[in-house]
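The values are calculated or read from the model by the stated rules, or taken from the named source; none is laboratory data. Since we're looking at a predicted model, the values are computed, not measured. In this analysis, Cβ positions are derived from the backbone assuming ideal geometry, glycine residues included, and neighbour counts consider all displayed protein chains. SASA here: full protein model, heavy atoms, side chains in, ligands and nucleic acids out. Shrake-Rupley method; radii C 1.70, N 1.55, O 1.52, S 1.80 Å.
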Amino acid sequence: MDNETVDRTFTPAARAALQAFPIDAQDLTLVSLSENVTFRVTDGRDGRAYVFRLHRPGYHTLEELVSERAWIRALSEAGIDVPQAVLTRDGRDYVPVTIPATGEQRFAGLASWTEGRLLSDVLAETADQQRVEESFKQLGAITAAMHNQASAWQPPSGFRRHALDSDGLMGMAPHWGPFWEHRSLSAGECRLLLDVRQQLHDMLSRLSRDPSAYSVIHADMHPGNIVVDGNRLTVIDFDDAGFGWHQYDIATALTHWQTKPNAADIERAFLAGYRANRPVPDEALSLIAEFRLIRWMATIGWFHQRPEINRPSSVFEERKAWVLDQCAARQRARS
(Lines give C-alpha, C1' and ligand atoms only; values in the text may rest on other atoms or scores of the structure.)
Protein backbone atom coordinates (compact mmCIF):
# COMPACT_ATOMS: atom_id res chain seq x y z
CA MET A 1 0.00 0.00 0.00
CA ASP A 2 1.61 3.29 -1.09
CA ASN A 3 1.59 6.42 1.08
CA GLU A 4 -1.19 8.04 -0.94
CA THR A 5 -3.46 5.02 -0.42
CA VAL A 6 -2.56 4.85 3.28
CA ASP A 7 -3.38 8.54 3.65
CA ARG A 8 -6.71 8.14 1.90
CA THR A 9 -7.58 4.98 3.86
CA PHE A 10 -6.53 5.78 7.42
CA THR A 11 -5.87 9.49 7.95
CA PRO A 12 -9.51 10.69 8.03
CA ALA A 13 -10.35 8.07 10.66
CA ALA A 14 -7.22 8.95 12.64
CA ARG A 15 -8.14 12.63 12.68
CA ALA A 16 -11.66 11.80 13.85
CA ALA A 17 -10.38 9.54 16.66
CA LEU A 18 -7.86 12.14 17.83
CA GLN A 19 -10.72 14.42 18.82
CA ALA A 20 -11.30 12.16 21.81
CA PHE A 21 -7.85 13.00 23.26
CA PRO A 22 -6.90 16.15 25.21
CA ILE A 23 -4.51 17.62 22.63
CA ASP A 24 -4.78 20.08 19.77
CA ALA A 25 -3.77 17.57 17.08
CA GLN A 26 -1.52 19.07 14.41
CA ASP A 27 0.96 17.71 11.86
CA LEU A 28 -0.39 14.17 11.67
CA THR A 29 2.33 12.20 9.87
CA LEU A 30 2.41 8.50 8.99
CA VAL A 31 5.37 6.74 10.61
CA SER A 32 4.77 3.13 9.65
CA LEU A 33 2.22 0.69 8.30
CA SER A 34 3.08 -2.68 9.78
CA GLU A 35 1.45 -4.44 12.70
CA ASN A 36 -0.46 -1.23 13.35
CA VAL A 37 -0.95 2.05 11.51
CA THR A 38 1.34 4.42 13.40
CA PHE A 39 1.36 8.22 13.19
CA ARG A 40 3.35 11.02 14.77
CA VAL A 41 1.19 13.92 15.89
CA THR A 42 2.04 17.27 17.49
CA ASP A 43 0.05 19.15 20.10
CA GLY A 44 -0.48 22.63 18.64
CA ARG A 45 -0.62 24.15 22.13
CA ASP A 46 2.90 23.30 23.31
CA GLY A 47 4.62 21.50 20.41
CA ARG A 48 4.89 18.18 22.21
CA ALA A 49 4.98 15.11 20.02
CA TYR A 50 2.96 11.93 20.46
CA VAL A 51 2.67 8.54 18.83
CA PHE A 52 -0.85 7.64 17.71
CA ARG A 53 -1.72 4.07 16.75
CA LEU A 54 -4.63 2.44 15.02
CA HIS A 55 -4.23 -1.11 16.29
CA ARG A 56 -4.70 -3.94 13.83
CA PRO A 57 -8.05 -5.68 14.08
CA GLY A 58 -8.26 -9.24 15.34
CA TYR A 59 -4.96 -9.37 17.22
CA HIS A 60 -5.98 -8.02 20.62
CA THR A 61 -9.30 -7.37 22.29
CA LEU A 62 -9.91 -4.06 24.05
CA GLU A 63 -9.42 -5.86 27.36
CA GLU A 64 -6.02 -7.11 26.22
CA LEU A 65 -4.96 -3.65 25.02
CA VAL A 66 -5.94 -2.08 28.34
CA SER A 67 -3.98 -4.82 30.11
CA GLU A 68 -0.91 -3.98 28.02
CA ARG A 69 -1.19 -0.41 29.24
CA ALA A 70 -1.48 -1.60 32.85
CA TRP A 71 1.86 -3.40 32.61
CA ILE A 72 3.56 -0.48 30.87
CA ARG A 73 2.45 1.82 33.71
CA ALA A 74 3.78 -0.66 36.26
CA LEU A 75 7.13 -0.79 34.45
CA SER A 76 7.30 3.01 34.50
CA GLU A 77 6.61 3.02 38.25
CA ALA A 78 9.51 0.55 38.61
CA GLY A 79 11.87 3.06 36.96
CA ILE A 80 12.02 1.53 33.48
CA ASP A 81 11.87 3.98 30.58
CA VAL A 82 8.74 3.31 28.53
CA PRO A 83 6.33 5.55 26.58
CA GLN A 84 3.77 7.36 28.73
CA ALA A 85 0.14 6.68 27.84
CA VAL A 86 -2.31 9.53 27.29
CA LEU A 87 -5.93 8.93 28.30
CA THR A 88 -8.93 10.26 26.42
CA ARG A 89 -10.81 13.28 27.72
CA ASP A 90 -13.18 10.93 29.56
CA GLY A 91 -10.44 8.70 31.01
CA ARG A 92 -10.27 5.79 28.57
CA ASP A 93 -7.10 4.19 27.22
CA TYR A 94 -8.51 3.61 23.73
CA VAL A 95 -11.36 4.67 21.50
CA PRO A 96 -12.94 2.54 18.77
CA VAL A 97 -12.77 3.91 15.25
CA THR A 98 -14.23 2.59 12.02
CA ILE A 99 -12.17 2.82 8.83
CA PRO A 100 -14.75 3.79 6.17
CA ALA A 101 -12.56 2.64 3.27
CA THR A 102 -12.29 -0.93 4.61
CA GLY A 103 -15.22 -1.23 7.01
CA GLU A 104 -12.95 -2.57 9.74
CA GLN A 105 -12.95 -1.37 13.33
CA ARG A 106 -9.72 -0.58 15.11
CA PHE A 107 -8.83 0.73 18.54
CA ALA A 108 -6.91 4.01 18.67
CA GLY A 109 -4.43 4.92 21.41
CA LEU A 110 -2.12 7.84 22.15
CA ALA A 111 1.22 7.89 23.99
CA SER A 112 4.22 10.16 24.40
CA TRP A 113 6.66 10.25 21.50
CA THR A 114 10.07 8.80 22.35
CA GLU A 115 12.88 10.96 21.02
CA GLY A 116 16.01 9.29 19.70
CA ARG A 117 17.00 6.58 17.25
CA LEU A 118 16.39 2.86 17.16
CA LEU A 119 19.25 0.92 18.74
CA SER A 120 19.29 -1.40 15.71
CA ASP A 121 20.04 1.57 13.42
CA VAL A 122 22.75 2.87 15.74
CA LEU A 123 24.46 -0.51 15.93
CA ALA A 124 24.25 -1.04 12.17
CA GLU A 125 26.23 2.14 11.62
CA THR A 126 29.08 1.54 14.04
CA ALA A 127 32.24 -0.52 13.69
CA ASP A 128 33.08 0.08 17.35
CA GLN A 129 32.87 -3.37 18.92
CA GLN A 130 33.09 -1.91 22.41
CA ARG A 131 30.06 0.28 21.70
CA VAL A 132 28.11 -2.73 20.44
CA GLU A 133 28.95 -4.84 23.48
CA GLU A 134 28.17 -2.00 25.89
CA SER A 135 24.77 -1.53 24.21
CA PHE A 136 23.94 -5.21 24.61
CA LYS A 137 25.12 -5.09 28.21
CA GLN A 138 22.63 -2.26 28.79
CA LEU A 139 19.94 -4.23 26.98
CA GLY A 140 20.63 -7.21 29.23
CA ALA A 141 20.31 -5.01 32.31
CA ILE A 142 16.98 -3.58 31.13
CA THR A 143 15.65 -7.04 30.31
CA ALA A 144 16.60 -8.22 33.80
CA ALA A 145 14.91 -5.19 35.38
CA MET A 146 11.71 -5.96 33.47
CA HIS A 147 11.84 -9.59 34.60
CA ASN A 148 12.42 -8.47 38.19
CA GLN A 149 9.35 -6.25 38.03
CA ALA A 150 7.13 -8.83 36.34
CA SER A 151 8.14 -11.68 38.67
CA ALA A 152 7.12 -9.68 41.73
CA TRP A 153 4.08 -7.99 40.17
CA GLN A 154 0.48 -8.99 40.79
CA PRO A 155 -1.50 -8.12 37.65
CA PRO A 156 -4.77 -6.30 38.38
CA SER A 157 -8.12 -8.03 38.27
CA GLY A 158 -9.25 -8.56 34.70
CA PHE A 159 -5.72 -8.55 33.28
CA ARG A 160 -5.73 -10.45 29.99
CA ARG A 161 -2.85 -11.20 27.63
CA HIS A 162 -2.02 -14.17 25.43
CA ALA A 163 0.23 -16.97 26.68
CA LEU A 164 3.47 -17.88 24.93
CA ASP A 165 3.53 -21.22 26.68
CA SER A 166 4.02 -24.68 25.17
CA ASP A 167 0.81 -24.36 23.14
CA GLY A 168 1.21 -20.66 22.36
CA LEU A 169 4.69 -21.22 20.93
CA MET A 170 4.76 -24.81 19.70
CA GLY A 171 1.17 -26.07 19.81
CA MET A 172 -0.95 -26.97 16.81
CA ALA A 173 -2.46 -23.46 16.83
CA PRO A 174 0.50 -21.26 17.88
CA HIS A 175 0.04 -17.56 18.57
CA TRP A 176 1.99 -16.47 15.48
CA GLY A 177 0.40 -19.05 13.22
CA PRO A 178 1.14 -22.57 11.90
CA PHE A 179 4.68 -22.04 10.65
CA TRP A 180 4.83 -25.52 9.08
CA GLU A 181 2.13 -24.45 6.59
CA HIS A 182 4.09 -21.60 4.99
CA ARG A 183 3.57 -21.72 1.22
CA SER A 184 7.31 -21.85 0.48
CA LEU A 185 7.90 -25.10 2.38
CA SER A 186 8.08 -28.46 0.63
CA ALA A 187 6.17 -31.47 1.96
CA GLY A 188 9.39 -32.86 3.44
CA GLU A 189 10.25 -29.56 5.12
CA CYS A 190 6.74 -29.37 6.53
CA ARG A 191 7.10 -32.84 8.08
CA LEU A 192 10.50 -31.90 9.50
CA LEU A 193 9.10 -28.78 11.21
CA LEU A 194 6.14 -30.73 12.58
CA ASP A 195 8.45 -33.37 14.06
CA VAL A 196 10.69 -30.82 15.75
CA ARG A 197 7.65 -28.79 16.83
CA GLN A 198 6.45 -31.80 18.82
CA GLN A 199 9.87 -32.26 20.44
CA LEU A 200 10.01 -28.61 21.47
CA HIS A 201 6.41 -28.68 22.69
CA ASP A 202 7.30 -31.61 24.93
CA MET A 203 10.36 -29.77 26.24
CA LEU A 204 8.36 -26.61 27.03
CA SER A 205 5.63 -28.64 28.75
CA ARG A 206 8.18 -29.79 31.32
CA LEU A 207 9.40 -26.29 32.22
CA SER A 208 8.46 -24.55 35.44
CA ARG A 209 5.89 -21.75 35.36
CA ASP A 210 6.95 -20.31 38.67
CA PRO A 211 6.91 -16.47 38.48
CA SER A 212 10.67 -16.48 38.92
CA ALA A 213 10.96 -18.02 35.44
CA TYR A 214 7.59 -17.41 33.76
CA SER A 215 5.76 -14.07 33.91
CA VAL A 216 4.60 -11.24 31.68
CA ILE A 217 7.38 -10.63 29.14
CA HIS A 218 7.92 -8.16 26.32
CA ALA A 219 8.31 -11.04 23.82
CA ASP A 220 9.87 -8.86 21.12
CA MET A 221 12.86 -7.55 23.05
CA HIS A 222 15.36 -6.83 20.27
CA PRO A 223 17.36 -3.69 19.33
CA GLY A 224 14.67 -2.65 16.83
CA ASN A 225 12.34 -2.01 19.78
CA ILE A 226 14.79 0.05 21.83
CA VAL A 227 15.14 3.81 21.33
CA VAL A 228 18.47 5.46 22.16
CA ASP A 229 18.67 9.09 23.29
CA GLY A 230 22.12 9.81 24.71
CA ASN A 231 22.65 7.27 27.49
CA ARG A 232 18.95 6.62 27.86
CA LEU A 233 17.36 3.47 26.43
CA THR A 234 13.57 3.36 26.15
CA VAL A 235 11.65 0.14 25.52
CA ILE A 236 8.86 0.50 22.95
CA ASP A 237 6.33 -1.66 21.08
CA PHE A 238 4.60 -3.90 23.60
CA ASP A 239 2.21 -5.28 20.99
CA ASP A 240 3.46 -8.85 21.46
CA ALA A 241 3.79 -8.75 25.27
CA GLY A 242 2.22 -11.72 27.02
CA PHE A 243 2.92 -14.46 29.54
CA GLY A 244 6.03 -16.47 28.78
CA TRP A 245 9.39 -17.78 29.89
CA HIS A 246 12.18 -15.30 30.52
CA GLN A 247 14.48 -17.31 28.26
CA TYR A 248 12.26 -16.35 25.32
CA ASP A 249 12.97 -12.65 25.92
CA ILE A 250 16.69 -13.36 26.19
CA ALA A 251 16.71 -15.50 23.06
CA THR A 252 14.79 -12.84 21.13
CA ALA A 253 17.33 -10.17 22.04
CA LEU A 254 20.21 -12.38 20.91
CA THR A 255 18.70 -14.21 17.94
CA HIS A 256 18.60 -11.16 15.70
CA TRP A 257 22.40 -10.94 15.99
CA GLN A 258 23.36 -14.60 16.11
CA THR A 259 24.75 -14.63 12.55
CA LYS A 260 27.19 -11.79 13.23
CA PRO A 261 30.90 -12.63 13.50
CA ASN A 262 30.93 -11.18 17.03
CA ALA A 263 27.79 -13.03 18.19
CA ALA A 264 29.58 -14.81 21.06
CA ASP A 265 30.95 -11.53 22.44
CA ILE A 266 27.51 -9.93 22.14
CA GLU A 267 25.92 -12.79 24.07
CA ARG A 268 28.53 -12.57 26.82
CA ALA A 269 27.94 -8.82 27.14
CA PHE A 270 24.16 -9.22 27.26
CA LEU A 271 24.32 -11.94 29.91
CA ALA A 272 26.82 -9.93 31.96
CA GLY A 273 24.36 -7.03 32.05
CA TYR A 274 21.48 -9.37 32.83
CA ARG A 275 23.21 -11.31 35.59
CA ALA A 276 24.47 -8.12 37.24
CA ASN A 277 20.81 -7.28 37.88
CA ARG A 278 19.08 -10.65 38.16
CA PRO A 279 20.46 -14.10 39.03
CA VAL A 280 19.73 -16.82 36.53
CA PRO A 281 20.90 -20.44 36.85
CA ASP A 282 23.15 -21.96 34.20
CA GLU A 283 20.52 -24.66 33.69
CA ALA A 284 18.03 -22.04 32.52
CA LEU A 285 20.54 -20.44 30.17
CA SER A 286 21.39 -23.82 28.68
CA LEU A 287 17.96 -23.71 26.99
CA ILE A 288 18.62 -20.45 25.12
CA ALA A 289 19.59 -22.42 21.99
CA GLU A 290 16.18 -24.13 21.98
CA PHE A 291 14.40 -20.81 22.52
CA ARG A 292 16.34 -19.29 19.62
CA LEU A 293 15.06 -22.03 17.36
CA ILE A 294 11.54 -21.57 18.73
CA ARG A 295 11.72 -17.83 18.02
CA TRP A 296 12.66 -18.25 14.37
CA MET A 297 10.18 -21.06 13.85
CA ALA A 298 7.52 -18.71 15.21
CA THR A 299 8.75 -16.00 12.84
CA ILE A 300 7.97 -18.25 9.86
CA GLY A 301 4.44 -18.35 11.25
CA TRP A 302 4.41 -14.56 11.43
CA PHE A 303 5.15 -14.42 7.71
CA HIS A 304 2.59 -17.14 7.03
CA GLN A 305 -0.14 -14.99 8.58
CA ARG A 306 0.72 -12.11 6.27
CA PRO A 307 -0.03 -13.19 2.71
CA GLU A 308 0.14 -9.52 1.72
CA ILE A 309 3.92 -9.97 1.92
CA ASN A 310 3.98 -11.57 -1.52
CA ARG A 311 7.72 -11.98 -2.01
CA PRO A 312 9.78 -13.68 0.66
CA SER A 313 12.35 -11.21 1.93
CA SER A 314 16.04 -11.92 2.44
CA VAL A 315 15.34 -11.85 6.18
CA PHE A 316 12.70 -14.55 5.80
CA GLU A 317 14.88 -16.70 3.55
CA GLU A 318 17.80 -16.45 5.98
CA ARG A 319 15.65 -17.46 8.92
CA LYS A 320 13.91 -20.29 7.10
CA ALA A 321 17.23 -21.74 5.93
CA TRP A 322 18.66 -21.52 9.45
CA VAL A 323 15.57 -23.13 10.98
CA LEU A 324 15.59 -26.01 8.51
CA ASP A 325 19.31 -26.58 9.05
CA GLN A 326 18.88 -26.61 12.85
CA CYS A 327 15.89 -28.93 12.67
CA ALA A 328 17.72 -31.33 10.37
CA ALA A 329 20.70 -31.34 12.73
CA ARG A 330 18.43 -32.18 15.66
CA GLN A 331 16.92 -35.09 13.76
CA ARG A 332 20.34 -36.45 12.80
CA ALA A 333 21.45 -36.24 16.42
CA ARG A 334 18.41 -38.23 17.53
CA SER A 335 18.87 -41.03 14.97
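Rounded to a whole number, what % of the accessible area of the chain do carbon and sulfur atoms account for, probe 1.4 Å?
Carbon with sulfur: 48 percent of the solvent-accessible area.
Å³ per residue of the Cα convex hull, for region 209-335?
Enclosed volume per residue, from the Cα hull, is 157 Å³.
Could you work out how much longer the chain between Leu62 and Arg45 gets when fully extended? Use 0.36 nm per residue separation minus the Cα distance between them, nm to one decimal.
Answer, rounded to one decimal: 3.1 nm.
Give me the angle, in degrees from 0 to 90, between the Cα long axis of helix 62-77 and the longest principal axis of the Cα atoms of the chain, rounded to the nearest 10.
It works out to around 80 degrees.
Where does region 1-90 land on Rg/Rh, using Cα atoms and the Kirkwood Rh?
0.98
Starting from the Cα of Thr259, step 7 Å toward the Cβ, then list every residue of region 266-310 with an amide N under 15 Å from that point.
Only 293, 296-297, 299-300 fall inside the zone, counting backbone N under 15 Å.
Using just the helices of the chain, give the 222 nm mean residue ellipticity in deg cm²/dmol: DSSP H runs with n ≥ 4 each add -39,500 (n - 2.57), and the total is spread over all residues, rounded to 500.
Calculated from helices alone, the mean residue ellipticity at 222 nm is -14500 deg cm²/dmol.
How much area per residue is accessible in region 1-144 when the probe is 1.4 Å and only protein heavy atoms are counted (Å²)?
49 Å²
Less than 9 Å Cβ to Cβ from Ala269, Lys/Arg counted +1 and Asp/Glu -1: what total charge do the surrounding residues give? Don't jump to the answer; show the numbers that get you there.
Working: positive: Lys137, Arg268; negative: Glu133, Glu134, Asp265, Glu267.
With Lys, Arg at +1 and Asp, Glu at -1, the net is -2.
Enumerate the amide H contacts of Ser215 below 5 Å, restricted to partners 5 or more residues apart or on another chain; note that Pro and chain-start residues carry no placed amide H.
Counting only residues 5 or more places away or on other chains, the set is Gly244, His246.
Can you tell me which of Trp176, Trp322, Trp71 moves the most in a GNM of the chain? Springs connect C-alpha atoms under 10 Å apart.
Trp322
Per residue, how much accessible area does region 191-335 show when a 1.4 Å probe rolls over the protein heavy atoms, in square angstrom? Write out the running numbers ahead of the final one.
Numbers: 6420 Å² over 145 residues.
Per-residue accessible area for region 191-335 comes out at 44 Å².
Pairs of Cα atoms under 8 Å, at least six residues apart: use those to get the relative contact order of region 18-110, whole percent.
26 percent
How much solvent-accessible surface does Leu30 expose, in Å² to the nearest 10, with a 1.4 Å probe and all protein chains in place?
60 Å²
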